[in-house]
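**Q** The structure is given below, and queries will be raised subsequently.
Just so you know, all these numbers are worked out from the coordinates, no wet-lab data involved. None of these values were measured; they are calculated from a predicted model. Don't worry about glycine lacking a Cβ; one is built from the backbone with ideal geometry, like all the others, and counts go over all protein chains shown.
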Amino acid sequence: MSQIHEDIKAIRESLKLSIQDMHDKTRISMENIEQIEDGSIFTTDRNLTYVRCFVRTYVRGLKVSEDDSTAALDLHEQGRYDSFLRKKYIAGFAEPSPKTDKDSSLINKGSATEEKPDVSEKTSSTVKAQQSDKENPTPAIRKEKKVLDGSSIGPGYTGQTKIPAPPKSKDVNWSSMNRANPGSGSKKNEIPLPLILGIVAIVALLVAAGFWFTREVAESVTDLTENADLSVNEFSESAPDLLMSDTLDAPVAPNPSLTSAVLPDTLHVVVYAATGNLEPFRVSSDTFENRRPYWVDQGVGMRVSFINELRLSSSLAQMLVIYDDRVITQFHEDSTPTERILRRSQFTNDPTLESFTTSTFPSGVNPPIEIIERPVLQ
């Protein structure tokens, strides 16, 4: 009966994954992975909730479902684990069945205990047949017969029928066999003619539709090109504020009223472990489901994305949030001491980002040495 940490290690080895592979996949530190696989994580003074969180995140990287990881931890805490994960996730695993004394004796005796055919019945039937032949002799039985191997059978022949030899392949008329069995041979694989005609008609329609679409696109492009051919004077009359003179070489002066920030649909920020490991921090975003924990080593940043809102919690003291190489210093007014909130409105209201970011890092803090993508677990 194996323990939960032994089964976790066995599942990883069955998937041919190394500890380094699991670190890259889950971002759990190497030390914590070793504690999970040798079982010492269950004997540490860490909070039970954090221990369960570490283990569930790690086994999720081994493709163990949420329900099974929760059930395994519950059984482990109750002392009733009994190889739960090994039975379910390692192919070909089976509990060894107890051996009886009879099985042991069979193993020791080897092939000597193999059952021998009972020849008594066969011998008895043969004797009875011979007696019947003597009492009721017939010319057909007493006449010597030839069998397939060329041997002869005398008066003791028991009535076996002569089996004809199979015909040689060159003597068989295969064409006549196909005519005799209409459902066999090459006719079985023939494609019906109506189906072939239907496929040809569909292909012809697709080709015609593609030709028509290509012609329409070409005509549209031509129309756009002709309509876009404006003279310099017409352009100057339509937008007089954008030109400083009537000459073609004059510099263009932007109109401040026309300046606007064009934000991408999805915003990306880097959560940077600036002064210590983030073990762990949690992310809630409208670009992915579930509020999952992530582990980031000091000096490393993790890129996360959002559309309208991003929430960060845990390990805030060691965390910096960076957008476009600028450190975010002011978060949304709805933020709390335990949760930082970013909303799209901050970026829309201030296209320069100067009101809530700075271009310099705090004293003694260097930029990230590595930026990784948020792990996506299946």
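**Q** Looking at the square roots a ≥ b ≥ c of the eigenvalues of the Cα gyration tensor of the range 4-89, which shape do they give, rounded for a/c under 1.5, prolate if a/b is larger than b/c, or oblate?
**A** oblate
**Q** At a Förster radius of 45 Å, what calculated FRET efficiency corresponds to the Cβ-Cβ distance of D38 and D324, to the nearest 0.05?
**A** For D38 and D324, the calculated efficiency is 0.55.
**Q** Can I ask one more? With 10 angstrom as the radius, rank V269, V203 by how many other C-beta atoms surround their C-beta, starting from the fewest.
**A** Numbers: V269 20, V203 10.
Fewest-to-most Cβ neighbours within 10 Å comes out as V203, V269.
**Q** Mind jotting down the distance between the C-alpha centroids of the range 21-54 and the range 290-359, whole Å?
**A** For the range 290-359 versus the range 21-54, the Cα centre distance is 27 Å.
**Q** Using only the Cα atoms of the range 271-362, build the gyration tensor, take square roots of its eigenvalues as a ≥ b ≥ c, and label the shape rounded, prolate or oblate: rounded if a/c is under 1.5, else prolate if a/b is larger than b/c, else oblate.
**A** oblate
**Q** For the range 4-89, what relative contact order do you get, as a whole percent, if you take Cα pairs closer than 8 Å and at least 6 residues apart? Each step should come with its number before you reach the end.
**A** Values: 65 pairs, mean separation 34.5, N = 86.
Value for the range 4-89: 40 percent.
**Q** Right, something else. Among F211, F281, F356, which comes first, then next, by fewest other beta-carbon atoms within 10 Å?
**A** By the 10 Å Cβ count, ascending: F211, F356, F281.
**Q** Going toward the positive end of the dipole of the range 304-376, with +1 on Lys and Arg Cβ and -1 on Asp and Glu Cβ, which of N366, I307, I322 do you reach last?
**A** I307
**Q** Residue by residue through the range 296-305, which ³J(HN,Hα) values in whole Hz follow from phi under the Karplus form 6.51 cos²θ - 1.76 cosθ + 1.60 (θ = phi - 60°), with glycine and proline marked x?
**A** Whole-Hz 3J(HN,Hα) from phi for the range 296-305: 9, 6, 4, x, 10, x, 10, 7, 10, 10.
**Q** Net charge within 15 Å of T360 by Cβ-Cβ distance, Lys/Arg positive one each and Asp/Glu negative one each, not counting T360 itself?
**A** Within the 15 Å Cβ shell, the charges total -2.
**Q** Moving to a separate point now. Treat each spin label as a single point 7 Å out from the Cα along the C-beta direction, and report the H332 to D21 distance in nm.
**A** Roughly 4.0 nm, to one decimal.
**Q** Going by C-beta contacts inside 10 Å, put H23, H76 in order with the fewest on the left.
**A** The fewest-first ordering by Cβ neighbours comes to H23, H76.
**Q** Let me ask something else. Which whole-Hz ³J(HN,Hα) couplings does the range 343-353 yield from phi under the Karplus relation 6.51 cos²θ - 1.76 cosθ + 1.60, θ = phi - 60°, glycine and proline marked x?
**A** Rounded to whole hertz, the list is 10, 4, 4, 4, 6, 6, 6, 9, x, 7, 6.
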